[in-house]
Structure formats: C-alpha cells, structure tokens
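Participant: Here's a structure for you.
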Amino acid sequence: MYRIRFHGRGGQGMKTASCILGDAFFAEGFEVQDAPRYGAERRGAPIFAYVRADRAAINERGIIARPDLVVVADDTLVTVPAAAVLQGVGARTVLLICSNDDAATWTARLKRDCRVLTLPAPAAPEAGQAQAGVGALCAGAAAALVGVIGRAALERAVAAELAAHGAPVVARNTAQALAAYDALAAHQGLVSAGGAVDAGARAPVDWIDLAAEDAAAAAPDIHATATSLKAATGLWRVMRPVIDHAHCHKCSWICSTLCPDSAIAVDADHAPRIDYDHCKGCLVCVAVCPSHAIRAIPERGAAGAVP
Amino acid sequence: MNEHVIHRVRDLPSAHLLGAGTAMCAGCGGLGALHQVYDVLGEKTVFVNAAGCMTLLANYPFTPFKGSWLYTAMASAPAGAQGVRDALDVLLAQGRLPPAEDLAPVVLTGDGSAYGMGLSATSAAIERGLDFLYLCYDNEGYGNTGQQSSGATPHAARTATSAGGRGHPGFKKDLFAIWAAHAPAYVATVIGAEPLDLARKVETAIGLKGPRLILALAPCPTGWDFEPAALVDVGRLAVNTGIFPLKEYRDGRITHTRIPRPRLPVEAYLSTQGRFAHLFSPRRDDAAIAAIQAQVDRYWQGVA
Ligand SMILES: Cc1ncc(C[n+]2csc(CCOP(=O)(O)OP(=O)(O)O)c2C)c(N)n1
Ligand code: SF4
Ligand code: SF4
Ligand code: SF4
Ligand SMILES: [Mg+2]
C-alpha cells in the first residue's frame with residue numbers, strides 16, 4: 001500500500017493535492033482513501049492531507065503514521081512541531097520539500113536517513129495578493145515519484161477535481177501538475193509501496209486504569225485567563241506586517257482596534273506594538289493605516305523568523 | 001443627559017481584553033467584532049456559545065476570555081443563558097455572591113443559530129424577558145462546516161450548498177425585524193469596520209435590562225472568498241452601499257445611526273467577493289445585479 005502525506009499551510013491546496021492524487025490513483029485501478037486531517041483548517045495554519053492507495057481493499061484508517069512519501073509545500077513548516085512533518089519518517093521514506101535550499105542542505109540539516117528531494121519553493125505572494133495554491137504541483141510531483149500513475153491519468157484527475165473553478169484554473173493547474181511530474185521524471189518509481197500492517201501483530205496498548213475521579217479532578221477548572229496566548233498563531237504568518245515608527249502618527253487606535261486578533265497593543269506613549277507571537281499576518285493593519293506606516297514583508301527570511 | 005463615555009475614537013479602549021492565539025482564520029470579521037464588543041462589555045461576562053466557528057475559541061485548556069464560557073447545542077444557547085442567569089440570581093438571593101461580583105450572560109452564536117436553529121429558544125427567552133445580551137456574528141452561512149447556506153445567506157451568494165451558476169436562490173431573513181417584533185429592550189446592527197458606532201451601541205445595550213441583540217455583520221474571508229487584508233474595506237462597503245444598514249431599535253422606535261450619502265452602487269460591494277463572482281464573469285449578469293440594487297433602493301426609500 002502507498003501511504004502519502006501532504007503538508008502545507010491552509011490555503012496552499014493540500015486537500016486539493018490529496019484529491020487529485022487520489023483521483024489519479026483510482027484511474028489507474030487502485031483502491032483509494034484521500035482526506036484532509038480535521039482540525040484548524042485555517043489559512044496559514046499547518047495542515048495536512050493524506051492518501052492511501054492499494055490494489056486490494058484498504059482496511060487501514062486514520063492518520064498515516066509511517067509514510068512512504070511526504071510532500072512538504074512550505075519548508076518553514078519543517079521546524080514547526082505542531083505540523084509534525086517528520087512524524088514516522090524512516091529510512092525508506094522519500095521526503096520531497098518545496099524549497100530554495102537543495103536536497104544536500106536539507107539532508108545535512110535534518111540528519112535523517114530518509115531520501116530527500118527538493119523542488120523550487122513557490123514565490124511569496126505580493127501584499128494583498130492571494131497565496132498561490134500549489135496543490136496540483138504537489139500532486140503531480142507525488143504522481144511521478146510513485147511511478148504507477150501515467151501522465152494522462154494525472155491530467156484527467158486535475159481536470160476532474162478543479163472543473164467547478166472554470167477552464168483557466170484547470171489549465172493553470174494542469175500545467176503546474178505536469179511540470180512537476182516531468183521535473184521528477186528521473187525519479188519515477190523512487191517511492192515504493194509499504195508492506196501491510198498486521199493489526200494482530202500490534203503491540204498491545206498499556207492500559208492504565210483511571211478511577212472514576214471526582215469532577216474537580218477529572219475535569220479541572222482553568223482559573224488562568226486568556227490562556228490562548230500559549231498558542232503561537234504567529235507561525236501561521238506567510239507575510240509579516242512591519243510598523244515604520246517614523247511614519248506612524250500615533251493615532252493610537254486604528255490598527256489596534258481593527259486588528260481582528262488583538263495582536264496590536266498601544267504603548268503608554270501611543271506607539272503601536274505588534275505581537276509577532278500571535279499576529280497571523282492577515283495584513284488588515286497594512287490596509288487600514290491612514291499614514292501608510294505599516295508595510296508587509298515576506299515572513300521567509302524576516303528577522304527572527306523560523307528558519 | 002448623555003449616557004455615553006465613548007464619544008470619539010480616542011475614547012475607544014486601546015488595551016484589549018480578548019486574548020490572541022485563537023484558532024479563527026486570519027482576517028476573521030467575527031473575531032474582529034467580538035474583540036471590540038468584549039472591550040466594552042468588560043470581564044464580568046459569561047459567554048454562552050452555540051456550535052459554530054467561535055466554538056474553537058475556547059478549546060480546553062485554551063481560552064481567550066477572562067471569564068467563563070459555556071458551550072451549548074446549536075439550538076439552545078438562549079436556554080443556556082437562562083440557566084446561567086437563574087443560577088446567578090439564586091446565588092445573589094442566598095447572599096453567596098456579592099452583587100458587585102454579578103456576571104452578565106452573553107449569548108454568542110453565528111447566524112446558523114441566530115436566524116435558524118436557535119430562533120425558537122431565542123423567541124422564548126425574549127418572551128420570558130430574560131436579562132441577557134445576544135451577540136450574533138453573521139457570516140451569512142454555516143462557516144465552521146464549510147459555508148453551507150443559512151437563513152442569513154444573501155440572495156445570489158455562492159455557498160457550498162448553492163454552487164450553481166445563480167448562487168443562493170433564497171433571500172436573507174430580517175433578524176433585526178424578527179427581534180424588534182418581540183419588542184425587546186434593544187436591538188442593534190453593528191460591524192467591526194465601524195468601531196465607534198459599534199462601541200456606542202454596546203455601551204447603550206449594557207445600560208439596559210432585558211433581552212438585547214447586537215447583530216454584527218461578520219465579513220468572512222474564507223466563506224465569502226476575499227483576501228483577509230480587505231476585511232475592513234468589505235465591511236465599509238457593506239455599509240456605504242446600503243446593503244447592511246446600521247440601526248438600532250429602542251422603546252418601539254428604529255433609528256438609523258448611519259445613512260450612507262452618497263449611497264454607492266451595490267456592485268462596489270458584490271465585486272469584492274468571490275461568492276458573487278458569477279455575477280460578473282464570464283458574463284455580467286445585469287438583471288441579477290439590478291434586482292439586488294432595486295431591493296436595497298426599496299429599503300432606503302422606506303427609511304427616508
Ligand atoms: C444541531 C446541530 N446540527 C449541526 C451541527 C454541525 N455544525 C457545527 S458548527 C455548524 C455551523 C454553524 O453555523 P453558524 O451558526 O452560522 O456559525 P459559523 O460556523 O458560521 O460561525 C454546524 C452546522 C451541530 N453542531 N449541531
Ligand atoms: S494606524 Fe498607522 S498611524 Fe495609527 S497607530 Fe497604527 S501605525 Fe500608527
Ligand atoms: S497582520 Fe496586522 S491586523 Fe493582521 S493579525 Fe497581524 S497585526 Fe493584526
Ligand atoms: S470561516 Fe469565516 S467566520 Fe469562521 S473563523 Fe474563518 S473567517 Fe471567521
Ligand atoms: Mg455563520
């Protein structure tokens with residue numbers, strides 16, 4: 001059975017990637033499962049989708065723990081623990097990363113014995129522009145690497161999955177998918193199908209008996225307030241707003257009131273301060289500042305950004 | 001007599017109560033409205049939240065609130081608020097809660113609950129004269145489950161359940177009128193893009209007793225298909241095209257707090273959102289756009 005995981009950020013099209021790849025596998029006579037993981041499916045948030053494909057009926061369910069192939073659409077996710085990109089990546093896993101760093105750099109960086117390949121990273125969006133989807137690209141790359149999907153099946157799968165979005169979208173994504181497929185032609189079949197997992201051979205779970213506790217112990221109240229601050233939503237950011245304090249006329253409320261995420265506080269001297277641990281990079285502040293004192297820069301490479 | 005503390009934008013709170021780090025989408029109009037409303041309401045609130053996007057706010061053990069939050073089924077948030085109010089009243093009567101520590105129950109739901117599933121419980125709560133505030137963030141669809149159409153979906157909008165060439169065949173229900181018909185203490189429409197108007201209405205609501213509705217139009221980048229950065233633009237256009245009238249109901253009277261002059265053509269608003277894209281391409285649907293414009297014109301003729 002092929003077990004494939006796509007990792008990306010909400011809005012990059014990982015669910016679409018899994019649908020296209022699933023369709024293409026199906027067209028080649030496979031049984032298929034494809035699904036996004038249920039969770040915070042929010043733009044910019046780490047999300048993943050997965051595909052299982054086998055010639056025989058698939059009885060396995062749930063998240064793929066031992067992937068044969070992992071496709072990473074956004075290399076900034078590799079170091080984000082919540083994204084769990086490297087979960088279950090072993091010696092026979094192929095890891096394909098969309099990145100401007102090459103495979104040797106990533107191999108050295110990750111210190112894993114898996115096979116690493118890279119494709120050029122998608123360009124960061126311009127301020128105010130939509131983040132470009134790379135779902136078709138990721139599906140095309142995966143289709144080439146498994147080596148059992150023909151070019152024609154891939155092309156038909158893109159058209160079938162994206163038909164509702166109109167001909168120009170289908171054409172753009174078909175070109176994207178085929179370009180990735182062709183770019184990886186030299187690695188056709190690099191990914192091999194993993195063996196069956198025998199449910200009976202699974203190590204039994206170490207059950208712990210929990211006594212029926214008093215509600216106060218079993219469902220403890222949280223007495224701390226605003227604990228959401230522990231969640232680092234700053235990791236969702238693709239673009240970073242930066243305040244130019246020389247141009248800010250300290251109106252002291254516009255950006256701070258209109259930031260939907262309460263991520264801009266105002267100092268005692270009326271200067272706004274962005275909380276980069278939580279700012280999600282929506283760029284509402286950039287759009288509303290009347291003195292154009294906030295600009296957007298790509299998060300990738302921004303000072304203090306991950307990696 | 002002037003009951004407002006907030007007169008100018010300078011009076012708006014600049015320290016924010018709602019914690020960051022929530023799971024709402026970047027550029028969420030509902031969250032934007034909630035954080036502004038919460039700043040005015042203050043900490044002594046208990047949010048009673050029906051299932052919807054905002055359910056993800058308080059994901060144990062995380063919460064952006066400074067106080068309690070209660071989760072209810074989609075149809076039952078006003079009943080939950082009744083329970084909270086009753087419990088507080090019992091504690092107050094028994095002297096187990098000092099009056100200074102009393103809390104205000106605030107129902108927080110999306111339009112799916114407010115316009116549809118929860119309407120019966122809402123009507124009953126108003127009928128009983130329950131002393132509560134209802135905050136509805138109206139993103140005009142079942143956002144949390146992928147933007148299916150709801151009773152609040154505007155005519156012609158594309159949703160997950162109205163994906164054909166003409167979009168949603170139905171028309172948006174008038175929740176303001178439904179509430180006003182119950183003669184409650186207060187009903188107001190607000191939008192995050194107009195913070196001063198919003199803050200003054202929430203202030204007014206706090207000063208009153210009985211059932212009160214704050215209905216916030218909540219532009220939703222995810223469900224309406226626009227860039228998050230355009231949140232405030234989309235909101236201002238909803239007001240300036242007259243599609244979303246800012247108004248309040250009190251003592252049997254409706255007052256418009258903003259009459260857009262000049263009133264922009266509706267397409268200035270419709271064209272900002274992918275959910276209306278089929279009205280403009282591949283061919284412009286003049287008849288459909290004119291019908292939406294005519295409906296808005298009719299409304300404002302009645303306001304005069
Ligand atoms: C009785 C019931 N039906 C369906 C659901 C599934 N459900 C969860 S959230 C949601 C959407 C709610 O829409 P709305 O109230 O507008 O809030 P939004 O998601 O837009 O924030 C639905 C249908 C549910 N929780 N309960
Ligand atoms: S909106 Fe602009 S001018 Fe006003 S405080 Fe923010 S950065 Fe400064
Ligand atoms: S980009 Fe600006 S408005 Fe958006 S979350 Fe960050 S600070 Fe707030
Ligand atoms: S789907 Fe819409 S309402 Fe829900 S969190 Fe996202 S932006 Fe907000
Ligand atoms: Mg809704």
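The values are calculated or read from the model by the stated rules, or taken from the named source; none is laboratory data. As the structure is a prediction and not an experimental result, all values here were calculated from the model. Here Cβ is always computed from backbone atoms with ideal geometry, including for glycine, and neighbour counts include all displayed protein chains.
Residue-by-condition table, conditions (1) within 16 Å of ligand 2 (Cβ to nearest atom); (2) within 14 Å of chain A (Cβ to nearest Cβ); (3) within 24 Å of residue B:40 (Cα to Cα); (4) touching a Ser or Thr at 6+ places or on another chain (Cβ under 7 Å):
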{"residue": "B:215", "(1), (2), (3), (4)": "no, no, yes, yes"}
{"residue": "B:227", "(1), (2), (3), (4)": "no, yes, no, no"}
{"residue": "B:232", "(1), (2), (3), (4)": "yes, yes, yes, no"}
{"residue": "B:239", "(1), (2), (3), (4)": "no, no, yes, no"}
{"residue": "B:242", "(1), (2), (3), (4)": "no, no, no, no"}
{"residue": "B:245", "(1), (2), (3), (4)": "no, no, yes, yes"}
{"residue": "B:249", "(1), (2), (3), (4)": "no, no, yes, no"}
{"residue": "B:252", "(1), (2), (3), (4)": "no, no, no, no"}
{"residue": "B:268", "(1), (2), (3), (4)": "no, no, no, yes"}
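Participant: Which one of B:163, B:157, B:114 is small (Gly, Ala, Ser) and under 18 Å from the mean Cα position of the chain (by Cα)?
Facilitator: Answer to the check: B:114.
Participant: Sticking with this one: It is to be established whether one or more residues within segment B:103-114 are away from ligand 5 (no atom under 16 Å from the Cβ), away from chain A (no Cβ under 14 Å) and closer than 14 Å to residue B:49 by Cβ.
Facilitator: Yes, there is a match, as at least one residue in segment B:103-114 is away from ligand 5 (no atom under 16 Å from the Cβ), away from chain A (no Cβ under 14 Å) and closer than 14 Å to residue B:49 by Cβ.
Participant: In addition: Tell me, please, whether a residue that is in contact (Cβ under 8 Å) with a residue 40 or more places away in the chain, assigned by TED's automatic domain parsing to the domain that holds residue A:89 and out of contact with any strand residue (DSSP E or B) (no Cβ under 6 Å at 6 or more places or on another chain) can be found in segment A:38-47.
Facilitator: Within segment A:38-47 (the criterion being in contact (Cβ under 8 Å) with a residue 40 or more places away in the chain, assigned by TED's automatic domain parsing to the domain that holds residue A:89 and out of contact with any strand residue (DSSP E or B) (no Cβ under 6 Å at 6 or more places or on another chain)), the answer is yes, since at least one residue qualifies.
Participant: On to the next question. Suppose we filter segment B:161-207 for residues that are over 28 Å from residue B:102 (Cα atoms), of a type outside the set (A, V, I, L, M) and not in a loop (DSSP other than H, G, I, E, B); how many remain?
Facilitator: Residues that pass the stated criteria total 2.
Participant: Still on this structure, I have one more. Only strands (runs of 3 or more DSSP E) wholly contained in segment A:15-115 count here; list those with 2 or more residues that are of a type in the set (Val, Ile, Thr).
Facilitator: A:46-54, A:69-72, A:94-98
Participant: Would you check which residues across segment B:140-160 are part of a loop (DSSP other than H, G, I, E, B) and polar (S, T, N, Q) and list them?
Facilitator: The answer is B:147, B:149, B:150, B:153.
Participant: So, in segment B:53-90, of the ones that are without any contact (Cβ under 8 Å) to a residue 24 or more places away in the chain and touching a helix residue (DSSP H, G or I) at 6+ places or on another chain (Cβ under 9 Å), which residue ends up surrounded by the fewest Cβ atoms within 10 Å (Cβ to Cβ)?
Facilitator: Within segment B:53-90, the match that is surrounded by the fewest Cβ atoms within 10 Å (Cβ to Cβ) is B:61.
Participant: Separate question: Within segment B:36-56, track down each residue that is within 16 Å of the chain's Cα centre (by Cα) and either within 16 Å of ligand 2 (Cβ to nearest atom) or not in a helix (DSSP H, G or I) (or both).
Facilitator: Residues satisfying the conditions are B:36, B:47, B:48, B:49, B:50, B:51, B:52.
Participant: Pull up segment A:241-256, narrow it to residues that are of a type in the set (Gly, Ala, Ser) and more than 10 Å from ligand 3 (Cβ to nearest atom), then point me to the one that is surrounded by the fewest Cβ atoms within 10 Å (Cβ to Cβ).
Facilitator: A:246
Participant: Considering only residues that are assigned to a strand (DSSP E or B) and free of Cβ contacts under 8 Å to residues at least 60 places away in the same chain, look in segment A:252-307 and name the one that is nearest to ligand 4 (Cβ to nearest atom).
Facilitator: Among residues in segment A:252-307 that are assigned to a strand (DSSP E or B) and free of Cβ contacts under 8 Å to residues at least 60 places away in the same chain, the one nearest to ligand 4 (Cβ to nearest atom) is A:264.
Participant: Go through (1) crowded, with 21+ Cβ neighbours inside 10 Å; (2) within 16 Å of the chain's Cα centre (by Cα); (3) within 14 Å of chain A (Cβ to nearest Cβ) one by one and return the number of the condition residue B:222 breaks.
Facilitator: Of everything listed in (1) crowded, with 21+ Cβ neighbours inside 10 Å; (2) within 16 Å of the chain's Cα centre (by Cα); (3) within 14 Å of chain A (Cβ to nearest Cβ), residue B:222 misses just condition (2).
Participant: State all residues of segment B:261-284 that are surrounded by fewer than 18 Cβ atoms within 10 Å (Cβ to Cβ) and not in a helix (DSSP H, G or I); if no residue qualifies, say none.
Facilitator: B:261, B:262, B:263, B:264, B:265, B:271, B:280, B:281, B:282, B:283, B:284
Participant: Inside segment B:209-222, can you point out the residues that are modelled with pLDDT of 95 or more and not hydrophobic (A, V, I, L, M, F, W, C)?
Facilitator: B:209, B:210, B:211, B:212, B:219, B:221
Participant: Further question on the same structure: What residue, among those in segment A:180-197 that are of a type outside the set (Val, Ile, Thr) and either more than 19 Å from residue A:118 (Cβ to Cβ) or modelled with pLDDT under 95 (or both), is surrounded by the most Cβ atoms within 10 Å (Cβ to Cβ)?
Facilitator: A:194
Participant: Here's a follow-up. If I ask for residues that are more than 14 Å from chain A (Cβ to nearest Cβ), within 12 Å of ligand 1 (Cβ to nearest atom) and not hydrophobic (A, V, I, L, M, F, W, C), which ones from segment B:129-177 would you list?
Facilitator: B:138, B:140, B:141, B:142, B:148, B:149, B:150, B:151, B:153
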